[in-house]
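Worksheet for the structure shown next.
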Amino acid sequence: MSDTPLWHGTTIIAVRKGNKVVIAGDGQVSMGSTIVKGNARKVRRLKSGAAGDVIGGFAGATADAFALFERLEAKLEKHPGQLMRACVEMAKDWRTDRYLRRLEAMMAVADATTSLILSGTGDVLEPEDGLIGIGSGGAYALSAARALIDLDSMDAEAIARKALNIAAGICVYTNTNVTLESIELT
């Protein structure tokens, strides 16, 4: 494993408010201090169907994150409608499997009832306030979202977009090209 932090190089924010949960991410891909791409999609819909929708975003190495998304989708197939269980099972594999434990990425995932952070150290964390910020600009976006969450004039999507915009103004590894996925809550 490298000495580079797992969260280096992007910003992902998850916001749960009212009748919606949103995961949004910036589009910047950096190699060291060079911007390689500005419109990458680091947020995607993982599963959709009778067992419920699941959305996710990643920070870290792209190929590693895609490998992890595939593993999580397999766990969701095995445990339909049980995001927490699927994530715990994947985290066990991630921590114990020789190949997987070398992967450098973090994930934020959500369904209609749960928002989670997954890390290669085996963490499956559910924030108590429904807000998640990961990546190099994650703390900035999370702080902004916490400041905005109580405003009646802003829904989950508006908060996520504003929080990413604020993070992009602070973090050099974050841009304002936003990809957003959402789930309407019932």
>> If I ask for residues that are at pLDDT 95 or above, of a type in the set (Asp, Glu) and not in a loop (DSSP other than H, G, I, E, B), which ones from the stretch 153-186 would you list?
In response: Glu157, Glu181
> Within the set of pairs 6+ apart or on separate chains, which have a first residue in the stretch 115-135 that is part of a loop (DSSP other than H, G, I, E, B), a second that is among the aromatic types (Phe, Trp, Tyr) and crowded, with 21+ Cβ neighbours inside 10 Å, and C-beta atoms under 7 Å apart?
Replying inline: Gly120/Trp94; Gly122/Trp94
>> If I filter the stretch 167-181 down to residues being surrounded by 21 or more Cβ atoms within 10 Å (Cβ to Cβ) and touching a helix residue (DSSP H, G or I) at 6+ places or on another chain (Cβ under 7 Å), which single residue comes out as nearest to Thr114 (Cα to Cα)?
In response: Ala167
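Scan the stretch 137-152 residue by residue and report those that are in a loop (DSSP other than H, G, I, E, B) and crowded, with 22+ Cβ neighbours inside 10 Å.
First pass over the stretch 137-152, keeping only residues in a loop (DSSP other than H, G, I, E, B): 137, 149-152.
Passing the criteria: only Gly137.
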> Would it be correct to say that Ala108 is without any contact (Cβ under 8 Å) to a residue 40 or more places away in the chain and either within 15 Å of Thr11 (Cα to Cα) or not in a helix (DSSP H, G or I) (or both)?
Replying inline: no
>> I'd like the full set of residues that are hydroxyl-bearing (Ser, Thr, Tyr) and closer than 21 Å to Ala91 by Cα, limited to the stretch 27-78.
In response: Thr62
> Within the stretch 24-75, can you find the residues that are in a strand (DSSP E or B), within 20 Å of Glu104 (Cβ to Cβ) and not small (Gly, Ala, Ser)?
Replying inline: Val29, Met31, Thr34, Ile35, Val36, Lys37, Val43, Arg44, Leu46, Phe58
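State yes or no: is Lys162 within 21 Å of Leu68 (Cα to Cα) and either without any contact (Cβ under 8 Å) to a residue 24 or more places away in the chain or surrounded by fewer than 20 Cβ atoms within 10 Å (Cβ to Cβ) (or both)? Reasoning before the result, please.
Working: within 21 Å of Leu68 (Cα to Cα): no; either without any contact (Cβ under 8 Å) to a residue 24 or more places away in the chain or surrounded by fewer than 20 Cβ atoms within 10 Å (Cβ to Cβ) (or both): yes.
It is false that Lys162 is within 21 Å of Leu68 (Cα to Cα) and either without any contact (Cβ under 8 Å) to a residue 24 or more places away in the chain or surrounded by fewer than 20 Cβ atoms within 10 Å (Cβ to Cβ) (or both).
Can you tell me which residue among Val21, Val54, Val36 is farther than 15 Å from Ala160 by Cβ and at pLDDT 95 or above? Spell out the reasoning first.
Values: Val21 fails: farther than 15 Å from Ala160 by Cβ; Val36 fails: at pLDDT 95 or above.
Only one candidate qualifies: Val54.
The values are calculated or read from the model by the stated rules, or taken from the named source; none is laboratory data. For clarity, every value in this text was computed on a predicted model and none was experimentally measured. When we count neighbours, we look across all protein chains shown, and the Cβ atoms used for this are built from the backbone with ideal geometry, even at glycine.
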